[in-house]
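Have a look at the structure below before the remarks.
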Amino acid sequence: MNVITVEVDMKVVVLVKQVPDTYEKRQIALDTGLLAREASENVVDEIDERVCAVAADLKKDGTATEVVAVTMGPADADKAIRKVLALAADRAVHVVDDALAGSDMVQTARVLAEAAKDADIILSGAESTDGRGAMVPAMIAEILGRPHIVGADSIEIADGTITGVTNTETEKITLSATTPAVVSLTEKAGEPKLPNFKAIREAKKKEIAVTSLADLGISAGPDAAYVRNVMVSAAERPPKEAGQKVSGDTAATELVDFLAQRHLI
């Protein structure tokens, strides 16, 4: 990643999410229809670690004067926050409130926008590995009235302007915006590093400001949503069954019939 440095005060917020371990099997709770987060170990989202690597470079090169981690999640998300503090952040803001359980992307964006509104740059992963909605950064930008650089593989910052390179399936696009701005980054943006013992020890001393909805001065969560989804029912995915086999002189006819019955031709 190439970073152009300038001598200005710049506060960078890194949005962090605690998710079930990417490498373990994830399950849906049949009683709620939500992801069963207690079914596996909860960790910092892998893409957020890559975003932290970008923030760490900005701090190291003098572009960012302060890096703040912001997360919305249950009380035990402080474990994930401590890792981010060891990786890059100077301090953290942890929004904890029972009213936020089961929040959709809109309600999540409202809370994160309020908690991060004083940042010059808000850095986020392009999408979380659990929900994969990929809309929260754009929603935050809309709420705050700021430009949004979408899905950048790399960024450069100079003279109050942030430039990101986004690769689509067909072309490379260069996007620029003046700060304050919101930037969502892909997994290509940074390479996470394991924090050393000194960084882990220092992270234990760094501030985590636990904040509620009342502290933020907003009403949010499922009960505050204008519209919301309601789960009607949920069931386990049925086991895989062996597929139908066709062979011999009638194979072509059987295949055509199979596709036709399913309206695939």
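The values are calculated or read from the model by the stated rules, or taken from the named source; none is laboratory data. These numbers were taken from a predicted model, which means no experiment stands behind them. For neighbour counting, all protein chains shown are included, and Cβ atoms are generated from backbone atoms with ideal geometry for every residue, glycine included. Side chains are part of the model used for accessible areas, which takes the heavy atoms of the whole protein and leaves out ligands, DNA and RNA. Shrake-Rupley method; radii C 1.70, N 1.55, O 1.52, S 1.80 Å.
In table form, for the structure just shown:
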item: Complete set of residues in the range 220-246 that are open to solvent by less than 90 Å² (accessible area, probe 1.4 Å) and either touching a helix residue (DSSP H, G or I) at 6+ places or on another chain (Cβ under 9 Å) or in a helix (DSSP H, G or I) (or both); result: Ala220, Gly221, Pro222, Ala224, Ala225, Val246
item: The range 163-184, residues that are of a type in the set (A, V, I, L, M, F, W, C) and touching a Pro at 6+ places or on another chain (Cβ under 9 Å); result: Leu175, Ala177, Ala181, Val182, Val183
item: Set Arg82, Arg132, Arg146, Arg91: member being surrounded by fewer than 24 Cβ atoms within 10 Å (Cβ to Cβ), of a type outside the set (Asp, Glu) and closer than 14 Å to Val183 by Cβ; result: Arg146
item: Tabulated pairs, the range 215-237, first modelled with pLDDT under 90, second part of a helix (DSSP H, G or I), C-beta under 8 angstrom, 6+ apart or interchain; result: Arg228/Pro222
item: Output for the range 100-113, where each listed residue is open to solvent by 50 Å² or more (accessible area, probe 1.4 Å) and part of a helix (DSSP H, G or I); result: Met105, Val106, Arg110
item: Filter result for Thr32 (open to solvent by 30 Å² or more (accessible area, probe 1.4 Å) and in contact with a Gly (Cβ under 8 Å, 6 or more places away or on another chain)); result: yes
item: Flag for Asn196 being exposed (fewer than 12 other Cβ atoms within 10 Å of the Cβ), within 22 Å of the chain's Cα centre (by Cα) and not charged (D, E, K, R); result: no
item: Counted residues, the range 15-25 - those being surrounded by fewer than 18 Cβ atoms within 10 Å (Cβ to Cβ), in contact (Cβ under 8 Å) with a residue 12 or more places away in the chain and within 30 Å of Ser154 (Cβ to Cβ); result: 2
item: Some residue of the range 47-66 being over 19 Å from Val136 (Cβ atoms), within 18 Å of the chain's Cα centre (by Cα) and not charged (D, E, K, R); result: yes
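This table checks each residue for (1) among the hydrophobic types (A, V, I, L, M, F, W, C); (2) more than 19 Å from Ala113 (Cβ to Cβ); (3) open to solvent by less than 40 Å² (accessible area, probe 1.4 Å).
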position	(1), (2), (3)
Val150	yes, no, no
Ile162	yes, no, yes
Thr170	no, yes, no
Leu175	yes, yes, no
Val182	yes, no, yes
Lys188	no, yes, no
